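What follows is one structure encoded as structure tokens, with my remarks underneath.
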Amino acid sequence: MRPLTGYFFEDYRVGQRFVHATPRTITAGDVALYIGLTGARQLPHCAKTVATALSHPDTPVDDLLVFHIAFGKTVPDVSYNAVANLGYADCRFLQPVYVSDTLRCESEVIGLKQNSNGKTGVVYVRSNAFNQNDALVLTWARWVMIAKRDAGGAAPEAVVPTLPQSVAAESLAIPPFLQARGLTPSASGSDRFWDEFTVNQVIDHPAGMTLDETDHTLATKLYQNTARVHFDLHHMRDSRFGRRLVYGGHVISVCRALSYDGLENAISVAAINAGSHLNPTFAGDTLYAKTVVVEKTPLNDDLGALRVRLLGIKNAEPSSINPANPQLPENVVLDLDYTLLMPRQ
Amino acid sequence: MRPLTGYFFEDYRVGQRFVHATPRTITAGDVALYIGLTGARQLPHCAKTVATALSHPDTPVDDLLVFHIAFGKTVPDVSYNAVANLGYADCRFLQPVYVSDTLRCESEVIGLKQNSNGKTGVVYVRSNAFNQNDALVLTWARWVMIAKRDAGGAAPEAVVPTLPQSVAAESLAIPPFLQARGLTPSASGSDRFWDEFTVNQVIDHPAGMTLDETDHTLATKLYQNTARVHFDLHHMRDSRFGRRLVYGGHVISVCRALSYDGLENAISVAAINAGSHLNPTFAGDTLYAKTVVVEKTPLNDDLGALRVRLLGIKNAEPSSINPANPQLPENVVLDLDYTLLMPRQ
Amino acid sequence: MRPLTGYFFEDYRVGQRFVHATPRTITAGDVALYIGLTGARQLPHCAKTVATALSHPDTPVDDLLVFHIAFGKTVPDVSYNAVANLGYADCRFLQPVYVSDTLRCESEVIGLKQNSNGKTGVVYVRSNAFNQNDALVLTWARWVMIAKRDAGGAAPEAVVPTLPQSVAAESLAIPPFLQARGLTPSASGSDRFWDEFTVNQVIDHPAGMTLDETDHTLATKLYQNTARVHFDLHHMRDSRFGRRLVYGGHVISVCRALSYDGLENAISVAAINAGSHLNPTFAGDTLYAKTVVVEKTPLNDDLGALRVRLLGIKNAEPSSINPANPQLPENVVLDLDYTLLMPRQ
């Protein structure tokens, strides 16, 4: 059984499996709080009329809210003693989740690599979230840097898993019932559909949002994510940051919400191809968002995949950031490569 | 299509119509958050037993929550570049809204007047909110000061609409099924019914409530109101305020919640006759509320209309404010003339 | 009828009864907000799958959320002018409360004792909360110190009620349908069931949680608790604290949430035997929790009662506190004696 103070690097073995605790039913309350915490306006999750027009049987829960709740389940076993969340890969949203669905989560260790300093190591994990009918709704890989209990101990054999650079279009899940043209410009406020976008197009989203302590702590507690760095100021005063760190997932959600103006017709997140939290975000920071179109793939007559890069920027206008810069400045906090589903014209 | 950075004064024409984007389904989550953000205790919205006793088919959503969500829909088209919200008139709540109803909104420009400085102008708008059955649930006029894109441009012909000083009693909507005597003193905590009040009566509501940054930003994001002044500290640092402005609607809601003690039997807001945000409110301010009875009109044997003036006051006891003062001091932030429905004795 | 500024010590009589105002329907929104505000993970309230496995007809509402909402109802009549909440006794959770249940509350004055300084007195109250079917769901006694209106007035005859030191095991309510073994270690994350615990066992819960102003004010407004000390900074600036006080009930809830790690299989709170708020808590404080097992009583083949003492500690690790110390240091803010129901092995 898991020790109360969590696992350290030495505790992990390749092939080790975790059945994560505390399944969670998602309610209308979670959905409203998510809107309140992020300002999200993505329509299928806010308007039953639009969900119905898309042929959803009910209002689907925002993909990122699903991600955060599922992710939260993995924290006690995977990242309780994490020094850093290093990256995400091959994250696929496989089935819509609806209000009153219950999520549970399992993970497997797929790689281990001790760092050369001998004090930490990288743990690679594949996590799967299931609904109450045992249907797989979400799968993702992530790797985290974990402290060693004993800095002097021998290193395990290094195993670094092969993960795809991006999720292939043929691996993207499309709900079979989806009537993508149910999303109309009068509802979304925009006629910028999939066909309008061009590869390398850059969108500087106009809005900014300042984070306060209760914003991110309320969100992170809602997700039942127990990582100490987000909540415990008494403990964090002695860290190199001197204060609480904003959960990276909250940064993703706020930037995704800010990206509504310019990507109004994106109906869902189909995949997260890759992502890094480049710099920490703190209460008092103002976030802005910049999108670069990476790739376009038609999926069927009605629907296309739009692979984009989302840059989250703190305390600077998006126009001040050159996304082609190989060394992004330190006010870029997020570099996320993800794939949206969007109706065609 | 709307530019990402919103419209300027030159973009408006009298008669121009907007179908506002992002319809919104109201849920039990919104209702709970509204209570948490304002401390509202107005009974028909909090207690299913009371709603049923009033013959509502379900728990009706607080009128002001309906107003804020509908108002939020209009912001991207009407007030994204607003310098100030100047006033409200002829706001009528026409039908109850229930949990799981979806609101959408349309507006028409009904007046335009360039200011003499040539840099800004006033835009008058009539907005209408509809539910998912296309029933008109709320209508209101407001006027906002909007920046001009080009200060040197010619002024349009001035059109100032005629708006009523107050909503006439015969224009107040009363739900046909309403059994007003379903609200009992044991539930509301008060036997001060409509008959008890006298014109010019003044009520200094006893409670005060301090606002923090997350209170107003969480509320305003919940309403999907995107006005930059409320969220973007990085941007507002360069404004004359140097910080984020509290959404005036949040001030209205907090003052209305504070007014519970003294107006316990007000079952709904039937109309907003007029209203101005006299001074800005910031996080850290403590709000108090004062009510002056303006007019009493019996509506039927069971129900009366109570037209009142609600003063919102910051950082000072309500007793310190003389409502007859033609030049209210700058700690009065709100002067709202609105009409309540209240059971008779 | 209650004066707007509340009752003073002289207004209370032994045997006096109050029917408290503003009944309240509990919704999925309240439940989600409670999780967000406290980080609670107690499973029967978070996961419909677990509630069903325990044979609940629906997801039961967290006992402490029920307590806070019921408690909030009593504030206008009982503690509006309270100087301090002195203690709780004989608090019993008698029936599960489910989403969409409506709570109302009544109280009776069971004791009165003027303090020797002549300026304040202690009022003892028994409160009962009922659901919409008039079933008694919760009963508790508490005593509060209340200011006198007139310091010179004569003292009433002192009546101090006899209250039990703890709730006897035979008075604990067990839902007749409960299948306690429905809670599995894979769901809770722990195989520490009732049989594993030993009297005098001490658990230092590992997590800490920092409180911000919006956390406690949002929670306390959600409970419609109107006690001025929590909300009104303008008023509190002149108090000896100089700032707003965190509602003691929020401290209880946060400490109970923190105690999840170590008490994962506690399925409900059956009773609060006694409790005191030893020191004030303010925004910025970080709370930690320590549990001491006081008593174990088997209830049936499947279920045991675990009476524990929960210490809430601010800004210090739980390991630094010796619970046997008769004079606890001033960073201990809560000393709560309560009884959990837990499945047997």
Hydrodynamic radius (Kirkwood) for the range A:237-311, which is based on Cα pairs only, to one decimal in Å:
14.5
Am I reading the C/A interface right? What is its buried accessible area, both sides, 1.4 Å probe, to the nearest 100 Å²?
2900
Report, as a whole number in µm² per second, the diffusion coefficient that Stokes-Einstein gives for the range A:190-255 at 20 °C and 1.002 mPa s using the Kirkwood radius over alpha carbon pairs.
148
Please report the accessible area of A:MET145 (heavy atoms, 1.4 Å probe, ligands and nucleic acids excluded) in Å², nearest 10.
50
How large is the direction-averaged shadow of the alpha-carbon convex hull of the range C:213-345, in nm²?
9.0
Percent carbon-and-sulfur accessible area, chain B, ignoring ligands, DNA and RNA, probe 1.4 Å:
49
Regression test value, accessible area per residue of the range B:224-345, probe 1.4 Å, units Å², expected 31
Could you give each residue of the range C:246-254 its phi-based ³J(HN,Hα) in whole Hz, using Karplus coefficients 6.51, -1.76, 1.60 with θ = phi - 60°, and x for Gly or Pro?
6, 4, x, x, 5, 4, 4, 5, 5
Work out the mean other chain Cβ neighbour count within 10 Å for the residues of B:201-209 and drop it here as an integer.
4
The rounded separation in angstrom of the Cα centers of the range A:27-95 and the range C:125-142 is 38
Take chain C, connect every pair of alpha-carbon atoms lying under 10 Å apart with a spring to form a Gaussian network, then pick out the residue of C:ASN81, C:ASN131, C:ASN315 with the largest mean-square fluctuation.
C:ASN315
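Could you list the square roots of 5 times each eigenvalue of the Cα gyration tensor of chain B, that is, the equivalent ellipsoid semi-axes, sorted largest first and rounded to whole Å?
32, 23, 20
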So if I place +1 on the C-beta of Lys and Arg and -1 on the C-beta of Asp and Glu, and nothing else carries charge, what would the dipole magnitude of chain A be about its Cα centre? I want it in debye, nearest 20.
780
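Given a 1.4 Å probe and heavy atoms of the protein chains only, how would you sort C:ARG2, C:ARG244, largest accessible area at the top?
Working: C:ARG2 40, C:ARG244 5 Å².
Output order, biggest surface exposure first: C:ARG2, C:ARG244.
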Starting at the first residue of the range C:284-292, write each ³J(HN,Hα) from the Karplus equation 6.51 cos²θ - 1.76 cosθ + 1.60 with θ = phi - 60°, in whole Hz, x for Gly and Pro.
x, 6, 9, 9, 10, 10, 9, 10, 10
With a bin width of 10 angstrom, please list the P(r) values of the protein assembly as shown as percents of all Cα-Cα pairs, from the 0 bin to the one holding the largest distance.
2, 11, 20, 24, 21, 14, 6, 2, 0
On average, how many beta carbons from a partner chain sit within 10 Å of the beta carbon of a residue in B:230-243?
4
Computed on Cα atoms, the radius of gyration and Dmax of the range A:22-70 in angstrom are 10.9, 34
Of C:PRO96, C:PRO60, C:PRO156, which has the largest mean-square fluctuation in a 10 Å C-alpha GNM of chain C?
C:PRO156
Compactness of the range C:30-141 - radius of gyration and Dmax, Cα, Å
16.5, 56
Are there any residues in the range A:31-59 with a reduction of at least 10 Å² in accessible surface when going from the isolated chain to the assembly of protein chains? Probe 1.4 Å, please list them by number.
A:ALA32, A:LEU33, A:ILE35, A:GLY36, A:LEU37, A:GLY39, A:ARG41, A:LEU43, A:CYS46, A:ALA47, A:LYS48, A:THR49
What residue among C:THR59, C:THR74, C:THR25 has the largest mean-square fluctuation in a Gaussian network model of chain C, using Cα springs under 10 Å?
C:THR25
Under the rule of at least 5 residues apart or a separate chain, name every residue whose amide H is placed under 5 Å from the amide H of A:LEU103.
A:ARG24, A:THR25, A:ILE26
Amide H to amide H under 5 Å from C:ASP335: which residues, 5+ apart in sequence or cross-chain, H placed 1.01 Å off N in plane?
C:SER276, C:LEU278, C:GLY312
Rounded to the nearest whole Å³, what is the per residue volume of the convex hull around the Cα atoms of the range C:77-144?
94
Estimated FRET transfer efficiency (A:ASP302, A:SER186; beta-carbon r; R0 22 Å; 0.05):
0.75
Charged-residue dipole, Cβ positions (Lys, Arg, Asp, Glu), the range C:97-216 about Cα centre, Debye nearest 20
500
Which whole number gives the average, over all residues in C:281-291, of C-beta atoms from other chains lying within 10 Å of the residue C-beta?
2
Over the range A:105-187, give the accessible area per residue in Å² for a 1.4 Å probe, as an integer.
47
Over all distinct Cα pairs, what is the inverse of the mean 1/r for the range C:90-213, reported as the Kirkwood hydrodynamic radius in Å?
19.1
Using only the Cα atoms of the range B:132-283, each taken as one equal point scatterer with no solvent, compute I(q) by the Debye sum, divide by I(0), and report log10 of the ratio at q = 0.09, 0.14, 0.15 Å⁻¹.
-0.47, -1.05, -1.16
Semi-axes of the equivalent ellipsoid of the range B:287-345: what are they in whole Å, largest first, if each equals the square root of 5 times a C-alpha gyration tensor eigenvalue?
27, 10, 8
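The values are calculated or read from the model by the stated rules, or taken from the named source; none is laboratory data. Just so we're clear, the structure is a prediction, and the values are computed from it rather than from any experiment. Note that each Cβ is placed from the backbone with ideal geometry, even for glycine, and that neighbours are counted across all protein chains shown. SASA here: full protein model, heavy atoms, side chains in, ligands and nucleic acids out. Shrake-Rupley method; radii C 1.70, N 1.55, O 1.52, S 1.80 Å.
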